[in-house]
Amino acid sequence: MTDIVLKYGSISVPCHLPGAQRLQMKEIAQPLLATELVSEALNHPIATPPLAEIVKPGEDVVIVTSDITRYSASEVYLPLVVDELNRCGIVDAKISIVIALGIHRPQTDEEHRKILGSLYGRIAVYDHDCDDPTQLVDLGMTDGGIPVQINRRVMAADRVIVTGTIGFHYFAGFGGGRKGLVPGVASRQTCMASHFAVFNPPEIGGKHPSAVTGMLNGNPVHRNLLQAAQRVEPDFILNTVLGPNKEIVAVFCGELEQAHLAGCDLVRALYSAPLAAAADLAIISCGGEPKDINFIQAQKALDYGCRAVKEGGTIIFLAACRDGFGYPTFFDWFRYQDLAEFETALRADYQINGQTAHAVLARSRRFRILLISEFSSEQTAAMGMKKTADLQTALKQVKPTLPTDYSTVIIPDGGTILPVITPPTAT
């Protein structure tokens with residue numbers, strides 16, 4: 001077995017383990033260039049007319065796009081969307097871009113430059129602020145009882161185009177689509193209320209069984225997000241599906257729900273990785289930046305990857321997290337080390353990042369996790385993991401604890417791959 005390259009932040013780490021199974025995306029024929037894929041999708045949208053039949057000259061158009069933590073190839077597709085709007089009679093001054101921060105931090109000028117590509121300095125760009133009431137418009141309540149407050153600039157536009165990328169999400173089922181609006185450009189209150197459905201009613205306790213990775217049907221979080229996002233009545237979406245090197249492998253345009261569902265079907269087909277049996281050891285890389293830019297992003301790879309490991313098994317997890325935890329109060333939640341007490345505190349004062357911290361601690365209780373990151377030993381231990389310096393040190397530490405004939409899986413792109421245990425059928 002040749003070396004497998006594992007990405008760690010902005011660098012690469014070689015991994016050589018004979019006999020290990022590598023989990024990766026399925027190959028896809030790629031007859032078109034990225035720009036051609038975008039143009040083809042723009043010209044043939046799903047369940048909507050093309051933009052030329054939607055927008056009218058002189059209208060104000062807002063394009064919503066993801067922040068730096070969710071790479072979507074925006075620097076490729078945004079210029080093409082703006083070119084199309086120009087052809088439709090929409091001048092640059094009538095176009096603005098809103099960064100869907102959700103509850104994330106504002107972007108730097110350099111991050112705006114990376115997101116907008118050649119449009120930087122040409123098209124006005126604004127960061128969403130979930131906590132500024134002057135920037136929010138109240139759209140009432142959904143049928144499910146979710147209060148909906150959305151970015152005022154978005155709601156004031158004549159036309160709204162939502163962009164982003166589709167991948168697995170650890171409790172909303174899939175990212176992309178409706179998430180560009182909720183939580184992307186929603187108030188903090190809307191974000192929290194829509195995500196709280198991750199929990200069962202108090203009399204049952206625990207998390208809803210359908211609020212999991214890759215599940216949309218019956219997923220209460222997905223239902224809440226979609227109902228809230230539909231209140232905005234966006235005119236058009238563009239969602240990419242990316243390959244392991246962040247290249248565009250497919251683009252889906254059209255109606256908010258239907259175009260998103262089509263993209264989810266492709267992600268499920270490409271990134272579900274069958275595994276005959278759970279392994280004793282998994283080596284998981286998030287896939288490098290931005291998937292391991294902070295721990296809130298990185299932990300998604302841990303959530304997916306642990307499905308490949310036997311209960312009580314061992315995980316070596318590479319996640320640089322140069323931006324720290326990703327939210328100021330995230331680490332504070334680890335003051336709760338008892339999971340039942342943790343859940344009670346979350347139900348009393350639900351915070352999305354608290355729920356993420358709870359999920360991290362729950363996984364740390366189920367598996368032995370060695371974390372390679374920029375966090376201190378004390379921070380790592382509070383999350384239930386053990387800090388280790390590098391991959392070779394981690395392997396030396398775990399090998400004496402493994403069975404003689406231990407099995408290993410390597411997941412180089414843990415932020416996108418979903419292991420699925422599929423025992424061989426009897427013949």
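The values are calculated or read from the model by the stated rules, or taken from the named source; none is laboratory data. Predicted model only: the values in this text are computed from it and were never measured. Positions of Cβ are generated from backbone atoms using ideal geometry, with glycine treated the same way; all protein chains shown enter the neighbour counts.
Out of contact with any Ser or Thr (no Cβ under 7 Å at 6 or more places or on another chain) and either surrounded by fewer than 24 Cβ atoms within 10 Å (Cβ to Cβ) or on the phi < 0 side of the Ramachandran plot (or both): is that true of Leu346 in this structure?
Values: out of contact with any Ser or Thr (no Cβ under 7 Å at 6 or more places or on another chain): yes; either surrounded by fewer than 24 Cβ atoms within 10 Å (Cβ to Cβ) or on the phi < 0 side of the Ramachandran plot (or both): yes.
Yes.
Of all residues in the range 304-345, which are touching a residue at least 60 places away in the same chain (Cβ under 8 Å), in a loop (DSSP other than H, G, I, E, B) and of a type in the set (Phe, Trp, Tyr)?
Residue satisfying the conditions is Tyr327 alone.
Anything in the range 240-265 that is closer than 19 Å to Gly167 by Cβ and in a loop (DSSP other than H, G, I, E, B)? List them, or say none. Outline the logic, then answer.
Going residue by residue through the range 240-265, those that are closer than 19 Å to Gly167 by Cβ are 240-254, 256-265.
If the condition is that a residue be closer than 19 Å to Gly167 by Cβ and in a loop (DSSP other than H, G, I, E, B), then Gly243, Pro244, Asn245, Lys246, Glu247 are the ones that fit.
So that you can scan it fast, the table gives a plain yes or no per residue for (1) in a helix (DSSP H, G or I); (2) touching a residue at least 24 places away in the same chain (Cβ under 8 Å); (3) under 30 Å from Thr408 (Cα atoms); (4) not hydroxyl-bearing (Ser, Thr, Tyr):
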| position | (1), (2), (3), (4) |
| --- | --- |
| Met192 | yes, yes, no, yes |
| Ser210 | no, no, yes, no |
| Asn224 | yes, yes, no, yes |
| Ala269 | yes, yes, yes, yes |
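Given the residues Ile283, Ile315, Ile296, which is the only one that is closer than 23 Å to Lys207 by Cα and buried (at least 18 other Cβ atoms within 10 Å of the Cβ)? I'd like the intermediate steps shown before the answer.
Values: Ile283 fails: closer than 23 Å to Lys207 by Cα; Ile315 fails: closer than 23 Å to Lys207 by Cα.
On inspection, the qualifying residue turns out to be Ile296.
Which helices (runs of 4 or more DSSP H) does the range 350-427 wholly contain that include 3 or more residues that are hydrophobic (A, V, I, L, M, F, W, C) and in contact (Cβ under 8 Å) with a residue 60 or more places away in the chain? Don't jump to the end; show me each part of the working.
Working: elements: 352-366, 377-382, 391-398.
Per the criteria, 352-366, 391-398.
Just checking, which of Ile204, Ile237 is of a type outside the set (Ser, Thr, Tyr) and not in a loop (DSSP other than H, G, I, E, B)?
Working: Ile204 fails: not in a loop (DSSP other than H, G, I, E, B).
Going through Ile204, Ile237 in turn, the sole match is Ile237.
Considering only the range 1-120, give the strands (runs of 3 or more DSSP E) lying wholly within it that have at least 1 residues that are modelled with pLDDT of 95 or more and farther than 30 Å from Leu391 by Cα. Write out each step before concluding.
Values: elements: 4-8, 11-15, 61-66, 95-100.
Hits in the range 1-120: 61-66, 95-100.
Among the residues of the range 6-50, what is the count of those that are touching a strand residue (DSSP E or B) at 6+ places or on another chain (Cβ under 6 Å) and more than 30 Å from Leu318 (Cβ to Cβ)?
So the count comes out to 8.
Kindly list the number of the only condition in (1) touching a residue at least 24 places away in the same chain (Cβ under 8 Å); (2) on the phi < 0 side of the Ramachandran plot that fails for Gly102.
Status for Gly102: all satisfied but (2).
Among (1) within 17 Å of the chain's Cα centre (by Cα); (2) farther than 30 Å from Lys56 by Cα; (3) crowded, with 18+ Cβ neighbours inside 10 Å; (4) among the hydrophobic types (A, V, I, L, M, F, W, C), which single condition is Ile248 missing?
(2)
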